[in-house]
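One structure is given here, and the rest of the page talks about it.
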Amino acid sequence: MKIQKAFLILGIFGLIFVSGCNNNVEVFTPTLSDGLIENTPAIVNGSASFTYALKANNFDGNYNNALTLNSKSLEIAIAIGNYSLGRIIIDIYNEDNINIFHGNYTEGIAITQSFTTETFAKRIELTLIKVTASVSLAVKAK
């Protein structure tokens, strides 16, 4: 009985090993919608970067939060794809509550902008009004 169990366990591990050694690996470029649930933003706020991704369908929403970036030199990348409707407003404020970045978008766009500020970026506001598009925003400390 013990020998049969041992062969069964070895057989299962052998099958797993052989099936895991498949040379047909498919590599593809992920799209913005991969892993995103419609109308549910994916947000990551860290010391090196802030990211916001959304697959929107007639979405209204506001996001207002503190930034924890540890740099006065920033790079902002915005991509709005599959755009068909709405307005996207992005504002970033410094320690003195002065607006250091403003973006107001009503169409598909892909831009990257770098700049340096006198003080740290401390707050971000995102406003989406009736948006139907794929939205990606990344703010990186340089």
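The numbers here are math on the coordinates, done by the rules we state, and not lab data. Computed from a prediction, not measured in an experiment: that's the story for all the values here. For neighbour counting, all protein chains shown are included, and Cβ atoms are generated from backbone atoms with ideal geometry for every residue, glycine included.
Taking a ≥ b ≥ c as the square roots of the eigenvalues of the Cα gyration tensor of the stretch 32-141, is the shape rounded (a/c under 1.5), prolate (a/b larger than b/c) or oblate? Judged from the Cα gyration tensor, the stretch 32-141 comes out prolate (a/c at least 1.5, a/b above b/c).
Taking label points 7 Å from Cα along the Cα-to-Cβ direction, Asp60 and Lys142 give a separation of 3.8 nm. Extending 7 Å from the Cα toward the beta-carbon at both Phe115 and Asn39 defines two label points whose distance is 3.3 nm. Each Cα pair under 8 Å and six or more residues apart adds its sequence gap; the mean of these over the residue count of the stretch 38-142 is a relative contact order of 42 percent. Computed over neighbours whose Cβ is under 10 Å from that of Ala133, the net charge equals 0, Lys and Arg +1, Asp and Glu -1.
Using 0.36 nm per residue and subtracting the Cα-Cα separation, the extra length available between His102 and Glu125 on full extension is 7.3 nm. Straight-distance candidates among the aspartates and glutamates for linking to Lys140, with alpha-carbon spacing under 18 Å and chain neighbours fewer than 8 residues away dropped: Glu75, Asp91, Glu95, Glu118, Glu125. When the alpha carbon gyration tensor of the stretch 33-75 is reduced to an equivalent ellipsoid, the three semi-axes, largest first, read 24, 12, 8 Å.
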